[in-house]
Amino acid sequence: MSTLSVSRPKSLMLVGSLLAIGIPVLAAPITGIVNVNGVASVVGNTINFYGGAACDAPGTPPSTGCFTASAPRDGIFTGLTTNAVSGTIEDLVGPPYSGNISMVDFMVFTGIGVHFDLKYILAGGAPDCTTVVGNAPGVQCTPVLAPGPGGISPFVITNNAPAGGGPATSSSVFFNVYVDAYTGTKASGSTEYIGTFSTPSSGRNIAQILAAIGTPTGSDNSFAANFTPTGQVPEPGTVTLLGVGALAIAVGAYRRKRAS
């Protein structure tokens, strides 16, 4: 009897400590896809998101721009109003231009309280733009903006093929980012999303885009971005499961002792 009277409170006190100290309060996971639109100016080492008259104009970065929601979208993003200002977005200033780049509140959906913390920008991965013919139709490339790790830009630029043949007169640009999505605080659990930003560049092929980026006014275009959960990160309930397992072990030990 004396053994039971000592073991029971110690086991339960240990589990209580694990639950109280080691396990955060969990938030509901972020679900759903979302598409947004905005305006950005690319100048040298900066992607300046601004959004037009709805928020700030192009200026000296870093600054805070805005974006609007578009379809399709679902899950937690369902309540956003199409073509209405839905949140804020921060400028991206390099170097580095790609790799592990962290930014708290890179995007914030102000009406629904969803935060996107930037965690990684993928390098473009296409051939170096200096090795391709800038007006060749169908050519794809990635600018290398500085030597060494992080010097490769996130952009993949693809020349369109004119219907009548001949040199390319337009192109499209895209880049990918990873973000942690959450409500409340990130410590209470987050969901990893991948976002793809894309923009058509009417009237500019690869050579012309690279020339524009090198000027003081830069290359100014509207963009669209799609964000989708990756489903590749551990669920925030993992630590809770560990705590529940510890509780089960303690209770099981207590019951075995009691039975004996």
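Would you calculate the separation in nanometres between label points at SER172 and THR196, each defined as 7 Å from the Cα along the Cα-to-beta-carbon direction?
Between SER172 and THR196, the label points sit 0.9 nm apart.
Need one number: nm distance between label points at ALA136 and THR228, each 7 Å from Cα along Cα→Cβ, rounded to one decimal.
Calculated label separation equals 3.0 nm.
Provide the net charge surrounding ASP117, with neighbours chosen by a C-beta distance below 12 Å and charges set as Lys +1, Arg +1, Asp -1, Glu -1.
Here the charged neighbours net out to -2.
Using a simple spin-label model with points 7 Å from Cα along the Cα→Cβ vector, what separation in nm is obtained for ASP128 and THR185?
It is 4.7 nm.
Quick check for you: which residues of region 177-202 have the amide N under 14 Å from the point 7 Å beyond the Cα of ALA161 toward its beta carbon?
In region 177-202, the label zone of ALA161 (backbone N under 14 Å from the point 7 Å along Cα→Cβ) covers no residue.
Check each of the chymotrypsin sites (Phe, Trp or Tyr not before Pro) in region 179-212 and keep only those in coil by DSSP with at most 12 other C-beta atoms within 10 angstrom; list them in order.
Working: sites: TYR182, TYR193, PHE197; in loops: none.
Here no loop site has a sparse enough neighbourhood.
A short reminder: the numbers here are calculations on the coordinates, not readings from a lab. Small disclaimer: the values here were computed from a predicted structure and weren't measured. Cβ: placed from backbone, ideal geometry, glycine included. Neighbour counts: every protein chain shown.
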